[in-house]
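**Student:** Following this message is one structure expressed as structure tokens.
The values are calculated or read from the model by the stated rules, or taken from the named source; none is laboratory data. Bear in mind that the values here come from a model prediction, so they are computed numbers and not experimental data. Here Cβ is always computed from backbone atoms with ideal geometry, including for glycine, and neighbour counts include all displayed protein chains.
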């Protein structure tokens with residue numbers, strides 16, 4: 001079962017805020033009246049629960065606002081987005097770029113920018129919305145997407161590729177040793193992908209429906225993406241990944257790759 005941290009934050013913020021309000025409007029006035037009428041030894045004090053609720057409420061509220069509407073951190077657990085994102089990368093996701101949504105219900109209440117081809121996005125996995133996935137948007141609504149001989153065609157226009165040699169795999173990504181590092185041009189952005197020459201090409205032609213997106217992993221032959229489970233509904237989008245703030249690879253000699261800290265995601 002997936003842990004719903006957003007729901008927990010909402011509950012903790014709501015409960016601590018409610019306790020604070022009850023104390024402010026009901027309990028505190030009663031304490032003041034009682035304490036005026038009694039001696040020092042019998043004066044009422046703020047309870048431990050109320051004290052803790054008042055201390056933690058602003059913290060819960062700030063974290064809830066930041067995580068729900070501004071930035072949310074995620075950790076990359078697999079190599080499906082190599083070489084752009086490595087196993088052990090900790091990333092920040094822009095939550096307001098595609099519009100603001102309510103926590104838990106995910107209903108959009110403020111519109112903003114539309115996703116663009118080439119964006120690296122976090123979304124709720126369509127087959128199990130409790131699981132966050134990260135991929136790159138390849139197809140926009142109405143696009144014709146073709147994949148043939150490990151080459152991408154968007155609306156019958158080839159996404160030009162140029163090979164950069166073998167990928168220098170290391171650490172947790174050492175299983176990708178032997179893959180080819182390829183530069184791919186999506187028209188609006190040029191980025192790098194991995195191609196495994198020993199695996200067969202997954203070939204198909206599809207049209208992206210309205211309000212949906214077609215996504216692929218940059219590690220093309222080692223990614224479970226729209227080729228296998230379909231399109232990402234617009235309402236499943238969480239946000240755009242834009243920065244790596246930490247890297248921790250326990251299988252690497254250095255463990256922390258300091259060169260990746262602060263790196264922009266393109």
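**Student:** Given 194, 177, 186, 181, which one is in contact with a helix residue (DSSP H, G or I) (Cβ under 9 Å, 6 or more places away or on another chain) and under 15 Å from residue 220 (Cα atoms)? Reasoning before the result, please.
**Tutor:** Working: 177 fails: in contact with a helix residue (DSSP H, G or I) (Cβ under 9 Å, 6 or more places away or on another chain); 186 fails: in contact with a helix residue (DSSP H, G or I) (Cβ under 9 Å, 6 or more places away or on another chain); 181 fails: in contact with a helix residue (DSSP H, G or I) (Cβ under 9 Å, 6 or more places away or on another chain).
Of 194, 177, 186, 181, the one residue that is in contact with a helix residue (DSSP H, G or I) (Cβ under 9 Å, 6 or more places away or on another chain) and under 15 Å from residue 220 (Cα atoms) is 194.
**Student:** What pairs come up if the first residue lies in the stretch 133-157 and is on the phi > 0 side of the Ramachandran plot, the second is at pLDDT below 95, and their beta carbons are under 6 Å apart, counting only those six or more places apart or on different chains?
**Tutor:** 149/201; 150/201
**Student:** Related question: Within the stretch 93-115, work out how many residues are touching a strand residue (DSSP E or B) at 6+ places or on another chain (Cβ under 9 Å), surrounded by 13 or more Cβ atoms within 10 Å (Cβ to Cβ) and in a loop (DSSP other than H, G, I, E, B).
**Tutor:** Counting residues in the stretch 93-115 that are touching a strand residue (DSSP E or B) at 6+ places or on another chain (Cβ under 9 Å), surrounded by 13 or more Cβ atoms within 10 Å (Cβ to Cβ) and in a loop (DSSP other than H, G, I, E, B) gives 8.
**Student:** When the residues of the stretch 205-233 are narrowed to those that are assigned to a helix (DSSP H, G or I) and touching a residue at least 60 places away in the same chain (Cβ under 8 Å), which ends up nearest to residue 148 (Cα to Cα)?
**Tutor:** From the stretch 205-233, those assigned to a helix (DSSP H, G or I) are 226-229; that's our starting set.
With touching a residue at least 60 places away in the same chain (Cβ under 8 Å) added as a condition, the list becomes 226-227, 229.
Values: 226: 15, 227: 12, 229: 18 Å.
This residue is 227.
**Student:** In the stretch 116-140, which residues are assigned to a loop (DSSP other than H, G, I, E, B) and crowded, with 20+ Cβ neighbours inside 10 Å?
**Tutor:** Initial filter on the stretch 116-140 (assigned to a loop (DSSP other than H, G, I, E, B)): 116-119, 125-131, 140.
119 - this is the single residue of the stretch 116-140 that is assigned to a loop (DSSP other than H, G, I, E, B) and crowded, with 20+ Cβ neighbours inside 10 Å.
**Student:** So which of 49, 19 ends up being surrounded by 12 or more Cβ atoms within 10 Å (Cβ to Cβ), within 30 Å of residue 103 (Cα to Cα) and in contact with a helix residue (DSSP H, G or I) (Cβ under 8 Å, 6 or more places away or on another chain)? So that I can check it myself, show each step before the final result.
**Tutor:** Numbers: 49 fails: surrounded by 12 or more Cβ atoms within 10 Å (Cβ to Cβ).
From the options 49, 19, the qualifying one is 19.
**Student:** Among (1) out of contact with any helix residue (DSSP H, G or I) (no Cβ under 7 Å at 6 or more places or on another chain); (2) in a loop (DSSP other than H, G, I, E, B), there is one condition residue 202 misses while meeting the rest; what is its number?
**Tutor:** (1)
**Student:** Identify the residue in the stretch 240-266 that is closer than 14 Å to residue 136 by Cβ and in the same structural domain as residue 106 (by TED's automatic domain parsing) and, among all such residues, is surrounded by the fewest Cβ atoms within 10 Å (Cβ to Cβ). Write out each step before concluding.
**Tutor:** Residues of the stretch 240-266 closer than 14 Å to residue 136 by Cβ: 240-242, 265-266.
Right, trim to in the same structural domain as residue 106 (by TED's automatic domain parsing) and you get 240-242.
Details: 240: 21, 241: 26, 242: 16.
Filtering the stretch 240-266 for residues that are closer than 14 Å to residue 136 by Cβ and in the same structural domain as residue 106 (by TED's automatic domain parsing), the one surrounded by the fewest Cβ atoms within 10 Å (Cβ to Cβ) comes out as 242.
**Student:** In addition: Name every residue in the stretch 245-254 that is modelled with pLDDT of 95 or more and either over 21 Å from residue 175 (Cα atoms) or assigned to a loop (DSSP other than H, G, I, E, B) (or both), in order of residue number.
**Tutor:** Within the stretch 245-254, the subset modelled with pLDDT of 95 or more is 245-249.
If the condition is that a residue be modelled with pLDDT of 95 or more and either over 21 Å from residue 175 (Cα atoms) or assigned to a loop (DSSP other than H, G, I, E, B) (or both), then 245, 246, 248, 249 are the ones that fit.
**Student:** Quick one: how many residues across the stretch 172-199 are without any contact (Cβ under 8 Å) to a residue 40 or more places away in the chain and either outside the structural domain of residue 152 (by TED's automatic domain parsing) or in a loop (DSSP other than H, G, I, E, B) (or both)?
**Tutor:** We begin by selecting, within the stretch 172-199, every residue without any contact (Cβ under 8 Å) to a residue 40 or more places away in the chain; these are 177-178, 180, 182-185, 190, 196-199.
Those left that are additionally either outside the structural domain of residue 152 (by TED's automatic domain parsing) or in a loop (DSSP other than H, G, I, E, B) (or both): 177-178, 196-199.
The total comes to 6.
**Student:** Any residue at all in the stretch 153-162 that's at pLDDT 95 or above, closer than 30 Å to residue 197 by Cβ and either in contact with a helix residue (DSSP H, G or I) (Cβ under 9 Å, 6 or more places away or on another chain) or not assigned by TED's automatic domain parsing to the domain that holds residue 235 (or both)?
**Tutor:** Step one: filter the stretch 153-162 for residues at pLDDT 95 or above, giving 153-162.
From the residues that got through so far, the ones that are closer than 30 Å to residue 197 by Cβ too are 153-162.
Remaining after also requiring either in contact with a helix residue (DSSP H, G or I) (Cβ under 9 Å, 6 or more places away or on another chain) or not assigned by TED's automatic domain parsing to the domain that holds residue 235 (or both): none.
Within the stretch 153-162 (the criterion being at pLDDT 95 or above, closer than 30 Å to residue 197 by Cβ and either in contact with a helix residue (DSSP H, G or I) (Cβ under 9 Å, 6 or more places away or on another chain) or not assigned by TED's automatic domain parsing to the domain that holds residue 235 (or both)), the answer is no, since none of the residues qualifies.
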